[in-house]
Amino acid sequence: MPASSEALTDAIKRAVEASKKTRFDQSVELVVTLRDFDVKGAEGRFREVVFLPHKPPKEPTICVVAAGDLLLEAKKLGVVTISREDLQAMRGDKKKVKSIGRQCDWVLVSADLMGQVGSVLGPALGPRGKVPVAIPPRASLAELVENYKRATWVRVRGQPQIMARIGTASMNINEVVENALAVLNVIESRLGASKVNRVYVKTTMGVPIMVGLR
């Protein structure tokens, strides 16, 4: 592990304290710069979903695209639901499609509707870095929804660096640290510790604070 929990605790504390005061709960982000990394090669397509140990106070908006019993189950869970008929009605309605693209942080889709979701919602989801997630057969939708409420993207987007949301300023700092360690574990296991150049933490309105590495 390139950074210790003590170093992360110190950096997160300083980042939150130095941040401008706002009326909203600012996000805390982990920024990892990479060395000897080819963003135009296979490495540049690095992308992982990490399920954080601790869920941020503000839950992401989960949208479920489904039909039949799965759609009924989704409605009982209180998530945003899109039926097969809704999807068909959106075809060609750019305003509605863009609205869904803005509203939904995660889009969970029954396997039989993945093709339609790609063609109808893809133009709105893709530019926002959002990717439809296929619901595995016989999976518990309730568990899947709960998992994605604490999910964060860990990915490279055109630059040799990774940015991931690991919590908010109001969260218990130990929980934010554990979330950061979970993200760093994935980066180290997928890319190798030698690829990590620098690690920073920052809030939405704050400046990056460097984390001391081992």
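The values are calculated or read from the model by the stated rules, or taken from the named source; none is laboratory data. Keep in mind it's a predicted model, so treat the numbers as computed, not measured. With ideal geometry, Cβ positions are generated from the backbone for all residues, glycine too; neighbour counts draw on all protein chains shown.
Laid out as a table, the results:
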item: Lone qualifier among Ser194, Ser170, Ser189 - being touching an Asp or Glu at 6+ places or on another chain (Cβ under 6 Å) and either more than 26 Å from Arg45 (Cβ to Cβ) or not charged (D, E, K, R) (or both); result: Ser170
item: Any hit, the stretch 109-116, residues being at pLDDT 95 or above and either outside the structural domain of Glu73 (by TED's automatic domain parsing) or under 21 Å from Glu59 (Cβ atoms) (or both); result: yes
item: When residues of the stretch 2-49 are limited to those that are surrounded by fewer than 16 Cβ atoms within 10 Å (Cβ to Cβ) and among the hydrophobic types (A, V, I, L, M, F, W, C), the one farthest from Val201 (Cα to Cα); result: Ala42
item: Matching residues in the stretch 77-114 - criterion: being hydrophobic (A, V, I, L, M, F, W, C), loosely packed, with under 14 Cβ neighbours inside 10 Å and in contact (Cβ under 8 Å) with a residue 12 or more places away in the chain; result: Ala111
item: So Val117, is it more than 19 Å from the chain's Cα centre (by Cα), surrounded by 15 or more Cβ atoms within 10 Å (Cβ to Cβ), farther than 27 Å from Arg23 by Cα and not hydroxyl-bearing (Ser, Thr, Tyr); result: yes
item: Given (1) over 21 Å from the mean Cα position of the chain (by Cα); (2) closer than 18 Å to Ser140 by Cβ; (3) surrounded by fewer than 17 Cβ atoms within 10 Å (Cβ to Cβ), number of the condition Leu70 does not satisfy; result: (3)
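Condition check ((1) modelled with pLDDT of 95 or more; (2) within 21 Å of the chain's Cα centre (by Cα)) across all residues:
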residue: Met1; (1), (2): no, no
residue: Ser5; (1), (2): no, no
residue: Ile12; (1), (2): yes, yes
residue: Phe37; (1), (2): no, no
residue: Phe51; (1), (2): yes, yes
residue: Lys55; (1), (2): no, yes
residue: Val64; (1), (2): yes, yes
residue: Val79; (1), (2): yes, yes
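Rundown of residues vs (1) in a loop (DSSP other than H, G, I, E, B); (2) touching a Gly at 6+ places or on another chain (Cβ under 8 Å), yes/no style:
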{"site": "Leu8", "(1), (2)": "no, no"}
{"site": "Ala15", "(1), (2)": "no, yes"}
{"site": "Lys20", "(1), (2)": "yes, yes"}
{"site": "Arg23", "(1), (2)": "yes, no"}
{"site": "His54", "(1), (2)": "yes, yes"}
{"site": "Lys75", "(1), (2)": "no, no"}
{"site": "Ser99", "(1), (2)": "no, no"}
